[in-house]
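First up is the structure itself, then whatever we jot down about it.
Taken together, the values in this text are just the output of simple stated rules run on the coordinates, not laboratory data. Only a predicted model underlies this, so the values are computations on that prediction, with no experimental measurement involved. So basically every Cβ, Gly included, is an ideal-geometry build from the backbone, and we count neighbours across all protein chains shown.
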Amino acid sequence: MQIDNFKIFADLVETKSFSKSAKLNGITQSAVSQQARAMERHFKVLLVDRSQKQFQLTREGQKVYESAKDVLHAYETLLSELQEMKKVVSGTIRISTIYSIGLHELPPYIKKFLHDYPSVNVRVEYRRSNLVYEDILHNCVDFGLVAFPAKVRQVENIPFRNDHLVVICNPHHALAKRGEVSVADLAGQKFIGFDPDIPTRKAVDQIFRDNKLEIETVMEFDNVETVKRAVEIDHGIAIVPQATILQEAKQGTLAVLRFKGAGYTRPLALLHRKGRVLTPAMRKFVEILGLDLPDARSA
């Protein structure tokens, strides 16, 4: 029985999918099925209840899964400690994040990280927010970065930074010269928003509800880049994170309006799975983000 056997089985249990486990491990779905049957022959017990339509473990399968997680954790800890002893910072860091963070918040940190640790590869995947959480839970990635983080039992979320929400409009729009606005000033405007399931859209909708303001939503998109393009051609106004429109503001293709008073912010957070062993490279990345994690070693 090898470490890979335990990892494939653990991935199978956590994803409840032979195809997803296969994709995580770079093998075929048939190979995952063969691995599961090989483990059953090795332990001389049934691990997966195949009489059920949905994936379900037997009692023995649950025990093997729990022990497999212990074995994998011990193995990951050993690898991390050996790297530390050799003072090696290498490997690959996999990050899952939403477009607005990946394109506008993350690049300066990755640039510095790659400069300081050239032996580390960084892979960034752009995903919808709900899929970032799935990636973390299924161990598809090492870290996730999201806005308006949700509490998920097996996911640790560490506050990263807050970004201000601003109103954007075409430079020739009636609001463009104001500089700052109240929510009430947006009454009667055509609004371009994110898709309803996106956390930033939910937060914006809550702002409107709190101010008892009804807005006509004329377009909805799943990413900030398309939202900005629609505003640039004057199809409506939008509320977006300030960090995402710095270039357009500099070039004068969008007018940026702050909210009067304290305004509204969008909290960002770094995610990782609870119990995950952080390698030296992963801990260095956390440091580059400016986060203080005294317990990162066993986080």
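Where the centre of each part is set by its Cα atoms, how far does region 81-138 sit from region 38-64, in angstrom?
Between the Cα centres of region 81-138 and region 38-64 lies a distance of 35 Å.
In what order do HIS42, HIS173, HIS235 fall by count of nearby beta-carbon atoms within 10 Å, going from fewest to most?
Values: HIS42 11, HIS173 19, HIS235 14.
Lowest to highest Cβ neighbour count: HIS42, HIS235, HIS173.
Taking the Cα centre as origin and putting +1 on Lys and Arg beta-carbons and -1 on Asp and Glu beta-carbons, what dipole magnitude results for the chain, to the nearest 20 debye?
Values: 42 positive and 36 negative charges, 99 e Å.
In debye, rounded to 20, the chain gives about 480.
Within a Cβ distance under 14 Å of LEU268, other residues only, what is the Lys/Arg minus Asp/Glu net charge? Intermediate values should be presented prior to the final figure.
Values: positive: ARG161, ARG266; negative: GLU105, ASP163.
Within the 14 Å Cβ shell, the charges total 0.
Tell me the relative contact order for region 162-266 as a rounded percent, counting alpha carbon contacts under 8 Å between residues six or more apart. Walk me through the numbers on the way to the answer.
Working: 177 pairs, mean separation 53.7, N = 105.
The normalised contact order for region 162-266 reaches 51 percent.
Which residue, THR226, THR265, THR58, tops the fluctuation ranking in a GNM of the chain built on C-alpha contacts under 10 Å?
With Cα springs under 10 Å in the chain, the top fluctuation among THR226, THR265, THR58 is at THR58.
Work through the residues other than LYS112 whose Cβ is under 13 Å from its Cβ and net out their charges, Lys, Arg +1 and Asp, Glu -1. List each step's numbers first, then the result.
Numbers: positive: LYS111, LYS284; negative: ASP116, GLU287.
Residues near LYS112 contribute 0 overall.
Take the Cα atoms of region 153-213, find their three principal axes, and give me the spread along each one in whole Å, biggest first.
Principal axes ranked by extent give 48, 23, 19 Å for the Cα atoms.
Scan region 181-215 for trypsin sites (Lys or Arg not before Pro) in coil per DSSP, keeping those whose Cβ has at most 15 other Cβ atoms within 10 Å, and list them by number.
On the way: sites: LYS190, ARG201, LYS202, ARG209, LYS212; in loops: LYS212.
Here the trypsin sites (Lys or Arg not before Pro) that fit, given the DSSP loop and packing criteria, are LYS212.
What value, in deg cm²/dmol to 500, does the helix sum -39500 (n - 2.57) over DSSP H runs of n ≥ 4 give at 222 nm once divided by the residues of the chain? Walk me through the numbers before you get to the answer.
Values: 11 runs with 124 residues, N = 299.
One gets -12500 deg cm²/dmol as the mean residue ellipticity at 222 nm.
State the answer as a single residue: which of ILE93, VAL45, SER21 lies farthest towards the positive end of the charge dipole of the chain, with beta carbon charges of +1 for Lys and Arg and -1 for Asp and Glu, about the Cα centre.
Selected residue: VAL45.
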